[in-house]
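For reference, the structure discussed in these notes is given below.
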Amino acid sequence: MDAKPVSASRTTMSDLVLPPDTNNHGTIFGGRVMAYVDKLASITAMRHARMPVVTASSDSLDFLAPIRVGEAIILEAFVTCTYKTSMEIFCKIESENLLTGERRLTGASYLTFVGLGPDGKPAPVPPVYPETDEEKRHYETAPERRAHRIERRLAKREVLEASQPAR
């Protein structure tokens, strides 16, 4: 399977934040942002792997600043690293005041997706290689994030198993 550049998966999306998208503070619902992130990351993963994918995990989605009604939400995502059947996706979230052109970083998240074969089971995905300095930073730090994810998943599994009633 041939490796692909990160740039082949880079995906962007913009939308206007309207009143139904917002809470009583006039800022976008966090859940709406989460849905945008998951959708854009799905497109990014499918664009890279050229196969169906599923979300395996989402690292913390950090909300750094609010996005207000009337502003644009702008998301950008790309594959940062791949493993045998999984891909780590980085998603950056910005807002834009459409009247002034001012842009602000409003959030970021890493997600993991798994490629699925025709049988619906995990399937190998193409390797990825970084080209820009930004892409190289994400690529080089991906193994540490993956180790934390695995550790977090094992800890959750232990907690859930311990909370199950004895059979």
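The values are calculated or read from the model by the stated rules, or taken from the named source; none is laboratory data. If you're wondering where the values come from, they're calculated on a predicted model, not measured in any experiment. No Cβ is skipped: glycine too gets one built from the backbone with ideal geometry, and neighbour counts run over all protein chains shown.
Here is a check on your reading of the model: is residue 29 in contact (Cβ under 8 Å) with a residue 60 or more places away in the chain and aromatic (Phe, Trp, Tyr)? Spell out the reasoning first.
Numbers: in contact (Cβ under 8 Å) with a residue 60 or more places away in the chain: no; aromatic (Phe, Trp, Tyr): yes.
Spelling it out, it is not the case that residue 29 is in contact (Cβ under 8 Å) with a residue 60 or more places away in the chain and aromatic (Phe, Trp, Tyr).
Looking for something more than 17 Å from residue 15 (Cα to Cα), modelled with pLDDT of 95 or more, crowded, with 18+ Cβ neighbours inside 10 Å and in contact with an Asp or Glu (Cβ under 7 Å, 6 or more places away or on another chain) - is there at least one such residue anywhere in segment 136-156? Within segment 136-156, one or more residues are more than 17 Å from residue 15 (Cα to Cα), modelled with pLDDT of 95 or more, crowded, with 18+ Cβ neighbours inside 10 Å and in contact with an Asp or Glu (Cβ under 7 Å, 6 or more places away or on another chain).
For the subset of segment 70-80 comprising residues that are within 17 Å of residue 46 (Cβ to Cβ) and not hydroxyl-bearing (Ser, Thr, Tyr), which member is surrounded by the fewest Cβ atoms within 10 Å (Cβ to Cβ)? Spell out the reasoning first.
Our first condition is that a residue be within 17 Å of residue 46 (Cβ to Cβ); within segment 70-80, this holds for 75-80.
Now restrict to residues that are not hydroxyl-bearing (Ser, Thr, Tyr): 75-79.
On the way: 75: 23, 76: 16, 77: 27, 78: 27, 79: 33.
That would be 76.
Yes or no, residue by residue, for (1) β-branched (Val, Ile, Thr); (2) within 20 Å of the chain's Cα centre (by Cα):
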position: 86; (1), (2): no, yes
position: 100; (1), (2): yes, no
position: 126; (1), (2): no, yes
position: 131; (1), (2): no, yes
position: 147; (1), (2): no, yes
position: 151; (1), (2): no, yes
position: 154; (1), (2): no, no
position: 157; (1), (2): no, no
position: 166; (1), (2): no, no
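Has segment 64-85 got at least one residue that is touching a residue at least 60 places away in the same chain (Cβ under 8 Å), assigned to a loop (DSSP other than H, G, I, E, B), out of contact with any helix residue (DSSP H, G or I) (no Cβ under 6 Å at 6 or more places or on another chain) and closer than 23 Å to residue 121 by Cα? So far as segment 64-85 goes, yes, one or more of its residues are touching a residue at least 60 places away in the same chain (Cβ under 8 Å), assigned to a loop (DSSP other than H, G, I, E, B), out of contact with any helix residue (DSSP H, G or I) (no Cβ under 6 Å at 6 or more places or on another chain) and closer than 23 Å to residue 121 by Cα. Residue 113 satisfies every condition listed in (1) assigned to a helix (DSSP H, G or I); (2) at pLDDT 90 or above except (1).
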